[in-house]
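Structure first, then comments.
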Amino acid sequence: SALSASQIREAFLQFFEGRGHRRVASSSLVPQNDPTLLFTNAGMVQFKDVFTGREKRDYSRATTSQKCVRAGGKHNDLDNVGYTARHHTFFEMLGNFSFGDYFKADAIAYGWEFVTKTLGLDTKRLAVTVFNGEGGVPWDEEAFELWAKQGVPRERIYKLGLKDNFWAMGDTGPCGPCSEIHFHQGDDIPCAEVTAGRACQGVACDCDRWLEIWNLVFMQFERKEKDAPLIPLPKPSIDTGAGLERIASVVQGKRSNYDTDLFQSIISRVSELVGKRYTQEDGASMRVVADHARAAAFLIADGVQPSNEGRGYVLRRIMRRAIRHGSILGLNELFFFKVVDRVIELMGDAYPELRDSRTFLIEVSRHEEESFRRTLDRGMKMIDESVAKLKQAGEKKLSGADIYYLHGTYGFPWDLTEIILRERGFEADVEGFWKEIEKEALKNKFAGSGDKAVGAVYQQVLERVGQSEFLGYEGVGHEGEGS
Ligand code: ATP
Ligand code: MG
Ligand code: MG
Ligand code: MG
């Protein structure tokens with residue numbers, strides 16, 4: 001039978017250990033050296049300073065299975081969750097890294113060997129991409145030829161542009177072209193392009209037909225100043241990332257990450273609580289609950305607590321979104337901590353920090369649901385009243401000030417308000433809401449002094465527009481970005 005996700009994780013780490021890589025533990029979801037980065041969102045984050053040469057390690061090759069969260073900040077997959085088969089807020093990224101040691105030829109050979117030999121994926125269903133030279137940087141002919149040498153048919157090596165196949169650490173610093181490995185899941189999978197009467201874009205398409213499983217970044221240039229020309233690095237490096245959930249889905253012959261052994265038992269816990277069978281067709285809410293329970297468990301275990309600012313606010317949004325989906329499913333009693341408990345059971349072997357703080361994780365989850373449910377009804381009543389008023393006035397959009405009021409008084413995260421309005425056939429003036437937030441942030445900024453002054457809402461603005469844009473000056477740091 002097919003490999004389990006734990007077996008895949010272990011096979012990956014062993015494969016690279018066998019090729020001279022040091023097995024390094026996942027770092028925390030809360031980045032240690034980068035206050036501008038909301039959450040660790042890729043395997044390379046803990047090695048940033050090693051790549052730039054600022055920090056030395058006693059190894060030049062590493063392999064990890066890294067806890068990642070992509071909710072908020074530049075990489076924000078929150079809205080996709082439940083609706084694509086491949087995006088999560090929390091996921092595990094498998095990676096191999098070379099710090100000025102091996103480069104493209106070995107990275108490509110290792111990647112291909114692992115997917116075709118170790119995992120035994122059908123080569124006929126694999127395709128790869130290389131950088132096409134958009135924006136004046138030369139196209140990656142070297143990578144193209146290296147893939148061809150591995151036996152990938154030339155017509156299945158696609159050339160893509162800056163958006164998908166070029167990576168940069170920030171406006172300055174190391175950067176370079178990437179190659180992605182994709183797996184063909186089938187052309188009978190619905191594609192929004194086709195539904196709209198256009199052609200599916202294949203590996204470049206946003207749909208689930210071709211699944212991106214692995215990204216290989218070739219750090220071979222450096223940019224000294226913003227927009228300055230690229231300088232070749234004397235010792236190029238390798239940074240790769242493969243989503244464990246996606247690898248598990250193709251290895252286990254599933255078309256959705258949610259059908260793998262990483263999710264099955266969490267989904268069945270939700271389905272048990274709801275008293276309804278899970279189906280792909282109308283399972284979006286169950287998927288949201290399952291995904292968000294994982295994110296909540298791992299974030300709380302790494303020291304984040306639901307709150308009204310910064311990381312805590314993102315966590316609160318995730319938890320309240322899950323609880324709201326729970327009530328859509330008819331769960332009117334506290335349930336979220338029970339799903340979180342299942343996550344701990346399932347993942348506690350691989351991540352002992354979950355088991356170590358089990359009581360705490362459950363308490364925080366239960367408490368957050370209690371306090372949210374206390375205001376949920378009142379908040380819903382206010383939304384109903386607002387909707388009635390909008391109807392009367394023949395309007396479609398709830399004002400930013402009203403969304404702000406719900407946010408402050410009832411603890412309704414703006415995106416939750418937006419979802420509820422959308423369900424009722426109305427819209428939310430999210431831009432207006434952010435203007436209110438910015439007004440308050442500025443008020444605080446000028447009213448007080450030092451860091452505290454910009455405290456409460458500053459992080460929210462930061463998360464949205466980035467520090468330089470908000471404060472109106474540059475060079476105070478960049479939004480960190482993974483592979
Ligand atoms: P996509 O184009 O599908 O959004 P990406 O190009 O943003 O993926 P990368 O930044 O290249 O992803 O990250 C490396 C790998 O991590 C991807 O190839 C994929 O396997 C996995 N991955 C990325 N985002 C997610 C997510 N939100 N949930 C699960 N796995 C993910
Ligand atoms: Mg993405
Ligand atoms: Mg991509
Ligand atoms: Mg990618």
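Bear in mind these aren't lab numbers, they're just calculated from the coordinates by the rules spelled out. Worth saying up front: this structure is predicted, and the values here are computed from it rather than measured. Cβ atoms come from the backbone with ideal geometry, glycine included; neighbour counts cover every protein chain shown.
Relative contact order of the stretch 5-251, taken over Cα pairs closer than 8 Å and 6 or more residues apart, is 20 percent. Sorted from longest to shortest, the spans of the Cα atoms of the chain along the three principal axes equal 66, 54, 52 Å. Amide H contacts for residue 240 (H built 1.01 Å from N in the peptide plane; partners 5 or more residues away or on another chain; cut-off under 5 Å): 96, 217. Couplings for the stretch 368-373, taken from phi via the Karplus curve 6.51 cos²θ - 1.76 cosθ + 1.60 with θ = phi - 60°, read 5, 5, 4, 5, 5, 5 Hz in order; Gly and Pro are left as x. For residue 381 and residue 113, a Förster radius of 51 Å and the Cβ-Cβ distance give a FRET efficiency of 0.30, rounded to the nearest 0.05.
With an 8 Å cut-off on Cα pairs and a minimum separation of 6 or more residues, tell me the relative contact order of the chain in percent.
It comes to 15 percent, rounded to a whole number.
Need the full-extension length gain, residue 355 to residue 228, defined as separation in residues times 0.36 nm minus the C-alpha distance. One decimal, nm. Before the final figure, lay out each step's value.
Details: separation 127, 0.36 × 127 = 45.72 nm, distance 4.85 nm.
Taking 0.36 nm per residue and subtracting the Cα distance, the gain is 40.9 nm.
The C-alpha atoms of the chain define a longest principal axis, and helix 400-410 lies at about 80 degrees to it.
In the chain, the longest principal axis of the Cα atoms and the axis of helix 5-17 are about 40 degrees apart. Spin-label pair residue 345-residue 105: with each label point 7 Å from Cα along the Cα-Cβ axis, the two points sit 5.2 nm from one another. Across the stretch 165-171, rounded Karplus estimates of 3J(HN,Hα) from the backbone phi angles (6.51 cos²θ - 1.76 cosθ + 1.60, θ = phi - 60°) give 10, 9, 10, 9, 5, x, 5 Hz, Gly and Pro being marked x. Residues of the stretch 75-100 falling in the label zone of residue 6, defined by backbone nitrogen less than 17 Å from a point 7 Å along Cα to beta-carbon, are 92.
Between amide H atoms placed 1.01 Å from N, distances below 5 Å from residue 398 occur with 427, 428, 429, all of them 5 or more places distant or on a separate chain. Just to confirm my numbers, what's the Cα centroid distance between the stretch 195-222 and the stretch 50-123 in Å? Taking the Cα centre of the stretch 50-123 as reference, the centre of the stretch 195-222 is 16 Å away.
Here each label is just a point 7 Å from Cα along the line to Cβ, and for residue 194 and residue 284 those points are 2.0 nm apart.
The phi-based Karplus calculation (6.51 cos²θ - 1.76 cosθ + 1.60; θ = phi - 60°) puts the 3J(HN,Hα) values of the stretch 69-82 at 10, 10, 9, x, x, 5, 8, 10, 9, 3, 5, 6, 5, x Hz, whole numbers, x for Gly and Pro.
In terms of surrounding Cβ atoms within a 10 Å radius of their Cβ, 391, 338, 124 rank from fewest to most as 124, 391, 338.
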